[in-house]
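The values are calculated or read from the model by the stated rules, or taken from the named source; none is laboratory data. Keep in mind that what you see is a predicted model, and the values were worked out from it rather than measured. Virtual Cβ from ideal backbone geometry, glycine too; neighbours counted across all protein chains shown. For accessibility, only protein heavy atoms count, side chains too; no ligands or nucleic acids. Shrake-Rupley method; radii C 1.70, N 1.55, O 1.52, S 1.80 Å.
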Amino acid sequence: MLATGAAVSNVTALAQVDREKIYQWINELSSPETRENALLELSKKRESVPDLAPMLWHSCGTIAALLQEIVNIYPSINPPTLTAHQSNRVCNALALLQCVASHPETRSAFLAAHIPLFLYPFLHTVSKTRPFEYLRLTSLGVIGALVKTDEQEVINFLLTTEIIPLCLRIMESGSELSKTVATFILQKILLDDTGLAYICQTYERFSHVAMILGKMVLQLSKEPSARLLKHVVRCYLRLSDNLRAREALRQCLPDQLKDSTFAQVLKDDTTTKRWLAQLVKNLQEGQVTDARGIPLAPQ
């Protein structure tokens, strides 16, 4: 019994030491001399300290220091001179902001301060070098953490910004990983009723989304990725819930989603196969056909 008590005491003491280190690193963020190491150490601990986000948000000068790290990189974006060291450092700052974005106690304040907008210049970049790719992917991760919460206020905020065209551009020309996160963000926006209505409100918005999704299907037929395909199919299925979009999709859904092009890729993915079957069914329902059962073109 005494041994158990001593073990608990040791664990508590260790936790206290760890906590003291967390407080120390947070304080060190305020000083340019100690900030880089503090960013590195805190980003490593973000998964193991459940209340790190409120600690960061409510400590004096911390968020300002993280934003300073972001703004300091802007001159390296254009012309694109970002080094691996600069990218790693700012991505550690972004990892801490992702922590703040994910936490229920700090998310609303994070949005109210419009902090995601500081990341958009990174999403505008097109350089294919590894430092830029890592920067874009980490920035998308912050937005992805926001939409993952399925909170209405997140979607409402994002719809007032340029996140949809930014995601569409990355979906068209990013790396597979960046494409996957960008498509996930679009999927989450579409799954919200306000987001679906927004994208289907004008033909221009819908056609831009449909065009990029179509290009992705064509690319996926040449270079398959089950994970990316899953998000693309889910986006199409959600679009088919809107009557006007459904009518348009009857004309522009890629043939590769109607035939057996992806049968091999999806052979073990029952969820995506079910979504694809539902999509095809949705597009067939209410369709006018001739006496032979062949769909008639809309008048």
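Look at Gln187 and say whether it is in contact (Cβ under 8 Å) with a residue 12 or more places away in the chain and surrounded by fewer than 15 Cβ atoms within 10 Å (Cβ to Cβ). Steps first, answer last, please.
Numbers: in contact (Cβ under 8 Å) with a residue 12 or more places away in the chain: yes; surrounded by fewer than 15 Cβ atoms within 10 Å (Cβ to Cβ): no.
So Gln187 fails the test.
Within segment 99-123, take every residue that is assigned to a loop (DSSP other than H, G, I, E, B) and farther than 17 Å from Gly144 by Cβ and give me the one that is least open to solvent (accessible area, probe 1.4 Å).
Step one: of segment 99-123, the residues assigned to a loop (DSSP other than H, G, I, E, B) are 103-106, 113-114.
Now restrict to residues that are farther than 17 Å from Gly144 by Cβ: 105, 113-114.
Values: Glu105: 137, Ala113: 51, His114: 90 Å².
Filtering segment 99-123 for residues that are assigned to a loop (DSSP other than H, G, I, E, B) and farther than 17 Å from Gly144 by Cβ, the one least open to solvent (accessible area, probe 1.4 Å) comes out as Ala113.
Could you count how many residues in segment 88-133 are within 22 Å of Leu52 (Cβ to Cβ) and among the acidic types (Asp, Glu)?
1
Quick one: is Cys91 in the same structural domain as Glu41 (by the TED database), open to solvent by less than 10 Å² (accessible area, probe 1.4 Å) and at negative phi? It would help to see each step written out before you state the result.
Details: in the same structural domain as Glu41 (by the TED database): yes; open to solvent by less than 10 Å² (accessible area, probe 1.4 Å): yes; at negative phi: yes.
Yes: the conditions hold for Cys91.
I need a count of the residues in segment 31-72 that are open to solvent by 10 Å² or more (accessible area, probe 1.4 Å) and of a type in the set (A, V, I, L, M, F, W, C).
Residues in segment 31-72 being open to solvent by 10 Å² or more (accessible area, probe 1.4 Å) and of a type in the set (A, V, I, L, M, F, W, C): 9 in total.
Enumerate the pairs (first residue in segment 254-268 and free of Cβ contacts under 8 Å to residues at least 60 places away in the same chain and over 14 Å from Glu223 (Cβ atoms); second residue anywhere and open to solvent by less than 100 Å² (accessible area, probe 1.4 Å) and among the aromatic types (Phe, Trp, Tyr)) with beta-carbon separation below 6 Å, excluding pairs fewer than 6 apart on the same chain, so at least 6 apart or on different chains.
If the second residue must be open to solvent by less than 100 Å² (accessible area, probe 1.4 Å) and among the aromatic types (Phe, Trp, Tyr), no pairs are left.
If I filter segment 41-93 down to residues being closer than 18 Å to Leu119 by Cβ and outside any helix (DSSP H, G or I), which single residue comes out as modelled with the lowest pLDDT? Give the steps one after another, and end with the answer.
Of all residues in segment 41-93, those closer than 18 Å to Leu119 by Cβ come to 43, 46, 53, 56-57, 62-78, 80, 82, 86-93.
Within this subset, residues satisfying the condition of being outside any helix (DSSP H, G or I) are 46, 77-78, 80, 82.
Numbers: Arg46: 90, Ile77: 96, Asn78: 94, Pro80: 96, Leu82: 97.
Only one residue tops the list, namely Arg46.
From Leu140, Leu96, Leu135, grab the single residue that is touching a Gly at 6+ places or on another chain (Cβ under 9 Å), assigned to a helix (DSSP H, G or I) and buried (at least 22 other Cβ atoms within 10 Å of the Cβ). Walk me through it before giving the result.
Numbers: Leu96 fails: touching a Gly at 6+ places or on another chain (Cβ under 9 Å); Leu135 fails: touching a Gly at 6+ places or on another chain (Cβ under 9 Å).
Going through Leu140, Leu96, Leu135 in turn, the sole match is Leu140.
For every residue, the table says whether it meets (1) touching a His at 6+ places or on another chain (Cβ under 6 Å); (2) closer than 24 Å to Thr272 by Cβ; (3) open to solvent by 40 Å² or more (accessible area, probe 1.4 Å).
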position: Pro165; (1), (2), (3): no, no, yes
position: Glu172; (1), (2), (3): no, yes, yes
position: Thr180; (1), (2), (3): no, yes, no
position: Thr194; (1), (2), (3): no, no, yes
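With respect to Val126, determine if the residue is buried (at least 20 other Cβ atoms within 10 Å of the Cβ) and out of contact with any strand residue (DSSP E or B) (no Cβ under 9 Å at 6 or more places or on another chain).
no
Restricting attention to segment 15-40, and to residues there that are outside any loop (DSSP other than H, G, I, E, B) and acidic (Asp, Glu), which single residue is modelled with the lowest pLDDT?
The extreme case among them is Asp18.
State the number of residues belonging to segment 220-276 that are open to solvent by 30 Å² or more (accessible area, probe 1.4 Å), polar (S, T, N, Q) and either in contact with a helix residue (DSSP H, G or I) (Cβ under 7 Å, 6 or more places away or on another chain) or more than 26 Å from Tyr203 (Cβ to Cβ) (or both).
Residues that pass the stated criteria total 8.
Going by the structure shown, is Lys281 out of contact with any strand residue (DSSP E or B) (no Cβ under 8 Å at 6 or more places or on another chain), without any contact (Cβ under 8 Å) to a residue 40 or more places away in the chain and part of a helix (DSSP H, G or I)? Outline the logic, then answer.
Details: out of contact with any strand residue (DSSP E or B) (no Cβ under 8 Å at 6 or more places or on another chain): yes; without any contact (Cβ under 8 Å) to a residue 40 or more places away in the chain: yes; part of a helix (DSSP H, G or I): yes.
Judged against the criteria, Lys281 is a match.
Take Thr160 and decide whether it is open to solvent by 10 Å² or more (accessible area, probe 1.4 Å), farther than 22 Å from Leu52 by Cα, touching a residue at least 12 places away in the same chain (Cβ under 8 Å) and not assigned by the TED database to the domain that holds Glu204. Give the derivation first.
Working: open to solvent by 10 Å² or more (accessible area, probe 1.4 Å): yes; farther than 22 Å from Leu52 by Cα: yes; touching a residue at least 12 places away in the same chain (Cβ under 8 Å): no; not assigned by the TED database to the domain that holds Glu204: yes.
For Thr160, the condition - open to solvent by 10 Å² or more (accessible area, probe 1.4 Å), farther than 22 Å from Leu52 by Cα, touching a residue at least 12 places away in the same chain (Cβ under 8 Å) and not assigned by the TED database to the domain that holds Glu204 - is not met.
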